[in-house]
Structures are given as C-alpha cells and as structure tokens.
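The block underneath contains the structure these notes are about, expressed in structure tokens.
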Amino acid sequence: MSKVIAIVNEKGGVGKTTTSTNLAYLLGKEDKKVLLIDFDGQANSTMIMGDKNPNEIETTISTLINKVITKDSLPPKEDYIIKNKGIDLIPANSNLFTLERNLCNINFREYILQSLIDEIKIDYDYIIIDCMPQIGTPMINVMMASDSLIIPTQAEILSAKGLSELVKHYLTIKNINRKLSIDGILITMDTKNTIASKEVKKILNESFKQHINIFDIVIPRSTKVSEANIYKQTICEYMPENAVSKAYEQLVQEMMKIE
Ligand SMILES: Nc1ncnc2c1ncn2[C@@H]1O[C@H](COP(=O)(O)OP(=O)(O)O)[C@@H](O)[C@H]1O
Ligand SMILES: [Mg+2]
C-alpha cells in the first residue's frame, strides 16, 4: 500500500520544498520506495533532487498531466522518472504555470492528477508531492489525489494565522475525498526562545490542537539549509549532523507513528 503525502501551504517560502526533499531523501535512505513529484513551476525540488536544468527537461509533470487530459497512454517510465539520490523524481518546469488555464475546460478536471497517480502508485511506498503556493484547481487535484497533508508553517505569527483558510479548503475537499487527513502542522525555521517562536506555538495550539496534530518536532532555522541548496543538496545530505537534519529525521519517526 502506498501513501500519498502532499506538502501544502498556499504561502511561499514556508519550507514546503525543504520538507519535501528532505523527507523524500530520508525515506529513500530507509529503503522505502519513494516518488517525489515536483508540483511547482518554480521547480525547486527538481533543482535540488534532479540532475538537469528544469527547463532542459522534456518530459515533466505537465507532460504527463496533458497525456491524461488527452487520454493518451503515458510514456515509458524511463522517459519521465529521474532516478537520483535513492529516490524517483517526476520533475517540473515552468510549463506547470499554465496548468490552471489548461484545466479550465476539462471535464472532471479535479481528478486528473489522481488518475495519473493511480497509474503509477503501485511501485511506491511513499509518494510525496511538493506543492505550488496557490489554492486553485491544480491544488484541488492534489488534495483529491492525496491520503494526507503535511502543512509546514514558518514560526511567524502571520503565517500561523493564515492557516485557517487552508484548513477550510481541506475540510471542503474532505467531504469528497474522505480518506484525506492532515498528518500534522510542522513549524519550520524556528528560532528557539524568541517571542515569535513562543507565540506561534501558543496560537497553533489554541487554534488547531483539538482537531489537528501539531508535530512535536520543530524544525530550527539554520543558514546551512540554503547553503546546501547551492550545491543542489538537501541539508540531510550536506550536513547530516546539523540540527535541521536531525529534526527532519525525528519528523520521519513521528510520521511513521501516524500510519
Ligand atoms: N530550517 C530552515 N532554516 C533556514 N532556512 C530555511 C529553512 N528551511 C527552508 N529555508 C530556506 O527558506 C527558503 C524557503 O524555503 P522553501 O523550502 O523553498 O519554501 P517553499 O517551498 O514553501 O517556498 C529557501 O531559501 C530555503 O533554503
Ligand atoms: Mg517550494
């Protein structure tokens, strides 16, 4: 049985890509069969986990989605899966920015990604989707195709307060995709003992704790995360002993307990 986990937040810069790539990398190291789907036209996961410049890649998630829309069969897996760092990656590039428009006249447009994932999920233990920072038809597709969501949020007050909108969307979609759950809210880029850090934890606990899991582990802030990206690496590869890497390892442990 494979589990499809989407890393979602309609805000940018909250740690979606960092969480997606590190989770995928760590699960791959645990000998799980992992597929990471880059579902953001900015293609940051593709830059970190891929082996080519995104705009030089011919077959991306956009190509596959268009095949589903036109009811063509998918190309052979070798043509679109990038195998690197112990995981499989379906890359993205800027073509994905037109997806919202391409979907607008399609029947059953909310189910396109689900059809695609249904065709390939048998090969994987985990499918992780690194999402775009918008809510619209593409993100409804993600929530229809997923088993669970992880919601990273920066340790900042406005980020934490913005989550109620996302939770509303989740509850609406859950009426249709009944298996969808939230694995947890993940606090990222935390600086311990600051007022912001304490307030964010308080707000999240007051607003959500009763019905949504908030991961015990908090991802600390470290300049090494963006340094790792310069070398096209996740922090877990670049500095396995860094506090951020250790925190992501603990996140994997917490996630395993949820299943
Ligand atoms: N724990 C962290 N500490 C410091 N910087 C981080 C951390 N996590 C992410 N970043 C940096 O913050 C920026 C946004 O993170 P990213 O994961 O790309 O967010 P998103 O995918 O939500 O836009 C990136 O430059 C990334 O390197
Ligand atoms: Mg991103």
*Anyone know which of K192, K121, K85 comes out most mobile in the 10 Å Cα GNM of the chain?*
K192
*Determine the percent antiparallel among the DSSP beta bridges restricted to the chain, to the nearest 5.*
10
*Let a ≥ b ≥ c be the square roots of the eigenvalues of the Cα gyration tensor of region 3-258; is it rounded (a/c under 1.5), or, if not, prolate (a/b larger than b/c) or oblate?*
oblate
*Determine the relative contact order of the chain: mean sequence separation of Cα pairs under 8 Å and six or more apart, normalised by residue count, in whole percent.*
25
_Quick check on my link table: of K83/K246; K77/K121; K3/K174; K11/K224, which ones sit more than 18 Å apart, alpha carbon to alpha carbon?_
K83/K246; K11/K224
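Looking at the square roots a ≥ b ≥ c of the eigenvalues of the Cα gyration tensor of region 125-251, which shape do they give, rounded for a/c under 1.5, prolate if a/b is larger than b/c, or oblate? Spell out each step's value before the answer.
Values: a/c = 2.01, a/b = 1.31, b/c = 1.54.
Oblate, since a/c reaches 1.5 and b/c is not below a/b.
In terms of solvent-accessible area of protein heavy atoms at a 1.4 angstrom probe, what is the ranking of K232, K67, highest value first?
Values: K232 110, K67 65 Å².
The ranking, largest first, comes out as K232, K67.
Could you tally the net charge around K179, taking each other residue with its Cβ under 14 Å from the Cβ of K179, Lys/Arg +1 and Asp/Glu -1? Let's see the in-between values first.
On the way: positive: K3, K121, K174, R178; negative: D118, D147, D183, E259.
Its environment carries a net charge of 0.
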*Comparing M47, M239, M144, which has the greatest mean-square fluctuation in the GNM of the chain with Cα pairs linked when under 10 Å apart?*
M239
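Taking the Cα centre as origin and putting +1 on Lys and Arg beta-carbons and -1 on Asp and Glu beta-carbons, what dipole magnitude results for region 3-258, to the nearest 20 debye? Before the final figure, lay out the partial values.
Values: 30 positive and 32 negative charges, 135 e Å.
The calculated dipole for region 3-258 is roughly 640 debye.
With a 1.4 Å probe and every protein chain left in place, work out the accessible area per residue of region 146-259 in Å², rounded to a whole number. Write out the running numbers ahead of the final one.
Details: 5990 Å² over 114 residues.
Averaged over the residues of region 146-259, the accessible area is 53 Å².
Pairs of alpha-carbon atoms within less than 8 angstrom and 6+ residues apart define the contacts here; what relative contact order does region 26-90 have, in percent?
Numbers: 58 pairs, mean separation 28.9, N = 65.
Normalised by residue count, the contact order of region 26-90 is 44 percent.
Where a ≥ b ≥ c are the square roots of the eigenvalues of the C-alpha gyration tensor, would you call region 16-93 rounded, which needs a/c under 1.5, or, failing that, prolate if a/b is larger than b/c, or oblate?
Details: a/c = 1.96, a/b = 1.51, b/c = 1.30.
Prolate, because a/c is 1.5 or more and a/b exceeds b/c.
So if R0 is 41 Å, what FRET efficiency would E199 and S94 give, r being the distance between their Cβ atoms, rounded to the nearest 0.05? Don't jump to the answer; show the numbers that get you there.
Values: r = 37 Å, r/R0 = 0.91.
Once rounded, the FRET efficiency stands at 0.65.
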*Report the full-extension gain for the segment Q134 to I122: residue separation times 0.36 nm, less the Cα-Cα distance, to one decimal in nm.*
1.5 nm
*So what is the calculated 222 nm ellipticity per residue for the chain, using -39500 (n - 2.57) for each DSSP H run with n of 4 or more, over all residues, to the nearest 500 deg cm²/dmol?*
-12000 deg cm²/dmol
*asked:* Could you compute how much accessible surface Y25 exposes when probed at 1.4 Å, giving the result in Å² to the nearest 10?
replied: 40
*Rounded to a whole number, what % of the accessible area of the chain do carbon and sulfur atoms account for, probe 1.4 Å?*
50
*Gap in Å between the Cα centre of region 187-214 and the Cα centre of region 94-122?*
34
_Spin-label model distance (nm) - E30 vs T223, 7 Å beyond Cα toward Cβ_ = 3.3
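List the DSSP H helices in the chain whose Cα atoms stretch 18 Å or more along the helix axis and whose mean Kyte-Doolittle hydropathy is at least -1.0. Could the numbers behind the result be given before it?
Numbers: long enough: 16-29 (20 Å, -0.24); 195-208 (19 Å, -0.16); 243-258 (23 Å, 0.01).
The answer, listed by residue number, is 16-29, 195-208, 243-258.
The values are calculated or read from the model by the stated rules, or taken from the named source; none is laboratory data. Not measured: the values here are computed from a predicted model. Here the Cβ is made from the backbone with ideal geometry for all residues, glycine too, and neighbour counts use every protein chain on show. Calculation scope for accessible area: heavy atoms of the full protein, side chains included, ligands and nucleic acids excluded. Shrake-Rupley method; radii C 1.70, N 1.55, O 1.52, S 1.80 Å.
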